[in-house]
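See structure below.
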Amino acid sequence: MLQTFTVYVEDKPGVLNRVASSFRRRGFNIESLAVGHTHKPGISRMTIVVEADGFTARTIEANLYKMVNVLLVENITYDDKVIRELALIKVRTSPENRLEIFQTVEVYRSKIVDVTTESVMVEVTGPTAKIDSLVEVFEPYGIIEMVRTGVIGMGRGPYAPTISPEFVEAVVPEEAVAK
Amino acid sequence: MTKTGAQVIWEVLAKEGVEIVFGYPGGAVLPTYDALLDSSIHHVRVRHEQGAAHMADGYARASGRVGVAMATSGPGATNLVTGIATAMMDSSPIVCITGQVNSGVIGTDAFQETDLTGVTLPITKHNYLVTSADELGPVLREAFYVARSGRPGPVLVDITKDAQNGKTEWVWDDRPVRLPGYQPDLRALPEEYQRAAELINNARCPVILAGQGVIMSGAMDILREFVDMTNIPVAETLLGIGGLPASHPLNLGMMGMHGEVWVNNAIQEADLLLAFGMRFDDRVTGTLSTYAPNAAKIHIDIDPSEINKVVRVDVGIVGDLRETLEILMPAIERGDRNGWVDHILEQKSEAAERDIVGQPEGGQLYAAHVINDLWKYTNGEALIVTDVGQHQMWTAQYYRPDKPRHLITSGGLGTMGFGLPASIGAKMACPDEEVWLIVGDGGFQMTASELATCRQEGVKVNIALINNGYLGMVRQWQEFFYDRRYAGTPNVNPDFVKLVEAHGLTGLRCTERGQAESLIQQARETEGTVLIEFQVVQEDNVYPMVPAGAKLNVMIRRPEPNPELASEV
Ligand SMILES: Cc1ncc(C[n+]2csc(CCOP(=O)(O)OP(=O)(O)O)c2C)c(N)n1
Ligand SMILES: [Mg+2]
């Protein structure tokens with residue numbers, strides 16, 4: 001099944017490469033990887049989606065966790081969370097179908113961000129399934145090009161992940177934290 | 001104080017307690033080599049950078065301290081790669097310092113530019129590219145800390161030439177290194193100890209699988225206490241040898257592909273496996289689907305990613321092994337498992353009758369006899385380093401050390417050419433130890449150029465060269481599984497005695513068992529490095545052997561003693 005990880009990393013050159021390499025080396029195929037800054041300077045956040053069973057998911061977490069530049073790893077697959085993806089889709093239009101397309105954009109609560117006589121560019125956000133579905137609807141008109149950001153995710157509620165690497169069934173000894 | 005980056009490098013090394021650096025100079029490390037002359041650290045100029053990495057590794061394994069290797073950019077650095085991968089697989093703490101082209105030309109395919117942090121990314125515990133002198137001090141400290149803490153491993157620091165030349169205000173900062181993303185000291189949740197203790201107390205046929213983690217965490221004494229109290233027998237991995245004295249009655253010996261029959265049988269029959277600082281390598285498990293089918297499994301390891309990696313366990317405890325056993329001990333009940341132990345040891349005496357050590361040699365020289373003699377005449381007290389091949393497995397079987405850090409060998413990567421340089425590193429780390437290298441005729445030639453380093457440094461390593469005229473271990477597989485078609489395995493060898501003599505060292509030759517004792521004694525008494533070439537039976541095999549794809553206790557057994565041979569004596 002698809003496993004979704006939130007990974008906090010130090011914002012340093014080569015860190016993305018390290019993370020990606022740890023997947024490549026063990027033959028895990030990354031379905032989606034999105035990375036960007038957090039509100040804290042020097043810390044980036046990745047959302048990584050991988051096809052894996054439960055045991056493999058733990059191995060992945062533990063391997064990510066081991067990396068010196070990785071600050072925190074969370075498997076949010078089973079959490080109550082918000083998952084979003086953004087896509088830009090350029091669709092071929094004709095005078096006849098233009099209205100139909102505008103209506104579809106409306107239904108999907110997406111936005112038209114560029115219009116020419118022969119095309120529109122649609123911006124859509126939502127869970128992966130919603131975007132897949134819109135793509136399917138646009139397919140018959142002719143998709144000229146498309147780009148997706150990959151998913152980002154966040155747990156619901158007033159908390160952020162804290163440093164408690166329980167996935168390894170272990171705790172950081174208090175003395176170590178006190179240092 | 002204002003210093004150059006190059007000076008900072010040597011200052012930090014000295015502060016980290018480094019006494020010896022193994023290296024080879026070149027354009028991109030010239031500034032650092034220039035500053036070497038003002039440092040009190042001893043630099044060992046090797047003959048090939050691979051040798052430098054293996055020497056640092058041997059130094060680290062013998063002493064438990066961090067070994068240091070140094071090389072120039074490009075070809076110098078890529079020559080380190082095999083040594084770094086070897087250290088990575090066996091969790092050996094080394095720091096490799098390499099020169100890099102000027103930061104301004106990085107990425108332009110400048111002369112001798114190789115993206116070494118890229119190349120070594122999957123074979124280092126961590127690596128750094130340093131482009132300014134200001135970063136050098138903190139990064140090098142981090143490098144040593146990361147290399148030796150948690151599960152140890154190699155760390156590479158790639159330093160541009162301008163960072164070496166640059167000036168910086170440097171002060172030694174001895175506050176603990178703070179790395180927010182690096183948490184080497186984890187400890188298991190209390191429930192896990194509880195569950196482990198219950199499993200142990202209820203087990204009737206348990207076996208301890210002792211790995212290198214026993215030695216690295218210094219758990220030798222507590223392991224022994226644990227074993228004596230619970231009466232649980234111990235099987236060792238190749239790198240775990242020495243964690244419990246070989247002479248301890250509950251030390252069964254090595255497990256796995258060339259482990260003894262009684263050891264593998266015990267594992268297959270066990271109702272509980274206690275994996276202590278080992279990682280279930282495929283060379284010790286055989287086919288996973290049939291591995292220890294009746295056993296519950298407890299795995300204690302400092303590296304969380306090892307738990308459930310290949311073998312699914314019932315209890316996984318993350319933590320330093322010594323600490324973990326100390327926490328666990330009070331909950332463990334004294335045990336009497338004599339029936340189980342007797343059952344295992346009965347098989348031992350049956351199998352031992354086939355043991356080559358007890359067999360007559362019929363005028364021929366067997367490698368196993370040689371190694372057993374070496375064990376005998378050095379009182380089992382030498383620090384043994386091996387290369388990779390048949391001689392390595394025979395060493396694990398017949399040189400049975402009572403002390404930890406006395407058998408140094410490339411386990412995970414199985415790197416031929418490791419032996420000679422690693423033995424030099426080990427001897428330099430422990431000059432008071434009697435160091436013996438046991439090496440094959442094939443692997444010896446991969447790094448034999450380091451004989452010159454022995455001479456240069458006046459290092460005394462005793463070399464037992466097991467010359468069987470073949471890449472023996474590969475030839476054995478060809479004999480068993482490829483119909484004796486010996487493709488690429490016969491060796492056309494130089495005259496080894498002349499070869500060492502050409503280096504100004506001593507060469508001896510042994511062709512009969514009767515000569516072994518006096519030659520071994522002669523080697524021990526001779527000053528400087530001595531090589532004894534043992535011309536042994538050529539098509540001899542390592543037994544027992546679990547063929548690939550077989551269940552762990554389905555083994556090719558040692559042939560019955562040859563009645564004709566026996567009657568000759
Ligand atoms: C660098 C390297 N190349 C190839 C191998 C594959 N290999 C494993 S054992 C072996 C034979 C070693 O021959 P030798 O050094 O003569 O030792 P013997 O087995 O005869 O004791 C070979 C080629 C290896 N382990 N390492
Ligand atoms: Mg050989």
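The values are calculated or read from the model by the stated rules, or taken from the named source; none is laboratory data. All figures in this text were calculated on a predicted structure; none of them were measured in a lab. Here the Cβ positions follow ideal geometry from the backbone for every residue, glycine too, while neighbour counts run over all protein chains shown. Heavy atoms of the whole protein, side chains included, go into the accessibility calculation; ligands, DNA and RNA do not. Shrake-Rupley method; radii C 1.70, N 1.55, O 1.52, S 1.80 Å.
Here are some notes:
- Reach of B:Lys460 by Cα under 15 Å, taken over aspartates and glutamates that are not fewer than 8 positions away in the same chain: B:Asp432, B:Glu433, B:Glu434, B:Glu450, B:Glu501, B:Glu525, B:Glu527
- Debye, to nearest 20: dipole size of chain B, +1 on Lys, Arg Cβ, -1 on Asp, Glu Cβ: 440 debye
- Helical content alone sets the calculated 222 nm signal of chain A at -8000 deg cm²/dmol, taking -39,500 (n - 2.57) per DSSP H segment of four or more residues and averaging over every residue.
- Label positions at B:Glu191 and B:Glu353, each projected 7 Å from the Cα along the C-beta direction, are separated by 5.2 nm.
- FRET efficiency for B:Glu525 and B:Ser40, using Cβ-Cβ distance with R0 set to 25 Å, rounded to 0.05: 0.15
- Buried on complex formation within segment B:85-133 (loss of at least 20 square angstrom of accessible surface versus the isolated chain, 1.4 Å probe, ligands and nucleic acids ignored): B:Leu121, B:Pro122, B:His126, B:Asn127.
- With the charge dipole of segment B:61-200 set up from +1 on Lys and Arg Cβ and -1 on Asp and Glu Cβ about the Cα centre, the Cα lying farthest toward the positive end among the listed residues B:Thr168, B:Val139, B:Ser63 is that of B:Ser63.
- For the protein assembly as shown, the solvent-accessible area with a 1.4 angstrom probe is 41 square angstrom per residue.
- The residue among B:Leu209, B:Gly74, B:Gly362 whose Cα reaches farthest toward the positive pole of the charge dipole of chain B, with charges on the beta-carbon of Lys, Arg, Asp and Glu, is B:Gly74.
- Taking a straight Cα-Cα cut-off under 30 Å and skipping sequence neighbours fewer than 8 places away in the same chain, the lysines within cross-link reach of B:Lys161 are A:Lys12, B:Lys3, B:Lys15, B:Lys125.
- Cα gyration tensor, segment B:2-169 - rounded (a/c under 1.5), prolate or oblate: rounded
- Of B:Leu129, B:Leu223, the order by accessible heavy-atom surface (1.4 Å probe, DNA, RNA and ligands excluded), from most exposed downward, is B:Leu129, B:Leu223.
- For segment B:204-351, the carbon plus sulfur part of the accessible surface works out to 48%, probe radius 1.4 Å.
- Using a probe of 1.4 Å, the accessible surface attributed to B:Met254 totals some 20 Å² when neighbouring protein chains are kept in position.
- Remark: relative contact order (segment B:367-539) = 23 percent; criterion is Cα-Cα distance under 8 angstrom and separation of 6 or more residues.
- Counting DSSP beta bridges with both ends in the protein assembly as shown, the antiparallel % (nearest 5): 45 percent
- Within segment B:159-184, the residues that become at least 40 Å² less accessible when every protein chain is included than when their own chain is isolated (1.4 Å probe; DNA, RNA and ligands ignored) are B:Pro180, B:Gly181, B:Gln183.
- For B:Lys3, solvent-accessible area (1.4 Å; no DNA, RNA or ligand), Å²: 30 Å²
- Shape of chain B, Cα gyration tensor, a/c cut at 1.5: oblate
- Total accessible surface hidden between B and A, rounded to 100 Å², 1.4 Å probe: 2400 Å²
- Carbon + sulfur, % of accessible area of segment B:406-503 - ligands and nucleic acids excluded, 1.4 Å: 52 percent
- Computed on chain B, with alpha-carbon pairs under 8 angstrom and 6+ residues apart, the relative contact order is 14 percent.
- Drop in accessible area of at least 10 Å² in the complex versus isolated chain, residues of segment B:306-321, 1.4 Å probe: B:Asn308, B:Lys309, B:Arg312, B:Gly316, B:Val318
- Anchor B:Lys403: lysines whose Cα lies under 18 Å away (excluding residues fewer than 8 positions away in-chain): B:Lys376, B:Lys427
- Fraction of accessible area attributable to carbon and sulfur, segment A:82-152 (%, probe 1.4 Å): 56 percent
- FRET efficiency, B:Asn102 to A:Asp53 (Cβ-Cβ, R0 51 Å, nearest 0.05): 0.60
- Amide hydrogen neighbours beyond the local backbone of B:Ala188, cut-off 5 Å, H modeled: A:Val171, B:Val318
- Averaging the sequence gap over all C-alpha pairs within less than 8 Å and six or more residues apart, then dividing by the number of residues, gives segment B:2-169 a relative contact order of 28 percent.
- Segment B:378-511: C-alpha gyration tensor shape, a/c 1.5 cut-off, then a/b vs b/c: oblate
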